[in-house]
1. Of the conditions (1) aliphatic (A, V, I, L, M); (2) out of contact with any helix residue (DSSP H, G or I) (no Cβ under 7 Å at 6 or more places or on another chain); (3) closer than 29 Å to Asp25 by Cβ, Ala59 clears all except one; give me its number.
2. Residues being more than 16 Å from Ala37 (Cβ to Cβ) and outside any strand (DSSP E or B): count how many of those fall in the range 67-91.
3. Do we have Tyr78 as hydroxyl-bearing (Ser, Thr, Tyr) and touching a Ser or Thr at 6+ places or on another chain (Cβ under 6 Å) here?
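Values quoted throughout were computed directly from the atomic coordinates according to the rules given, and no laboratory measurement underlies them. Everything numeric in this text was worked out from a predicted model, so none of it was measured. Note that we place each Cβ from the backbone using ideal geometry, even for glycine, and neighbour counts take in every protein chain shown.
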Amino acid sequence: MTKIVHMIAGTSMLVLGACENMTSDQRTVAGVAGGAAAGLITAEALGADDDWRLISALAGAAAGTVVAQNNQRNVCAYSRGNGTYYEAPCP
């Protein structure tokens, strides 16, 4: 299972690099589609039922949208470790 997670993470990094020359709307659509696909693939790998597949695809789409929008603004969110986060320029 860790092999699958590493494959998904590697693919995600490659896909985000391809968003360099896209418009804002194109980045958002790519983030939604990529996030939903990653969520669905993860649910499949874990043997989830149909309800959890839908939930994981929706959660992945939401996460993909946030990543795409933050990538456009060049702002990253960093966890403080106590459940809160702060935003700062990406390295």
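1. (2)
2. Initially, the range 67-91 is screened for residues more than 16 Å from Ala37 (Cβ to Cβ), giving 69-91.
Narrowing further to those that are outside any strand (DSSP E or B): 69-74, 80-84, 90-91.
Final tally of qualifying residues: 13.
3. Working: hydroxyl-bearing (Ser, Thr, Tyr): yes; touching a Ser or Thr at 6+ places or on another chain (Cβ under 6 Å): no.
It is false that Tyr78 is hydroxyl-bearing (Ser, Thr, Tyr) and touching a Ser or Thr at 6+ places or on another chain (Cβ under 6 Å).
Conditions tested, residue by residue: (1) within 25 Å of Asp25 (Cβ to Cβ); (2) surrounded by fewer than 17 Cβ atoms within 10 Å (Cβ to Cβ); (3) over 14 Å from the mean Cα position of the chain (by Cα); (4) in contact (Cβ under 8 Å) with a residue 60 or more places away in the chain.
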position: Ala36; (1), (2), (3), (4): yes, no, no, no
position: Glu44; (1), (2), (3), (4): no, yes, yes, no
position: Ile55; (1), (2), (3), (4): no, yes, yes, no
position: Gly64; (1), (2), (3), (4): yes, no, no, no
position: Arg73; (1), (2), (3), (4): yes, yes, yes, no
position: Tyr78; (1), (2), (3), (4): no, yes, yes, no
position: Gly81; (1), (2), (3), (4): no, yes, yes, no
position: Tyr86; (1), (2), (3), (4): no, yes, yes, no
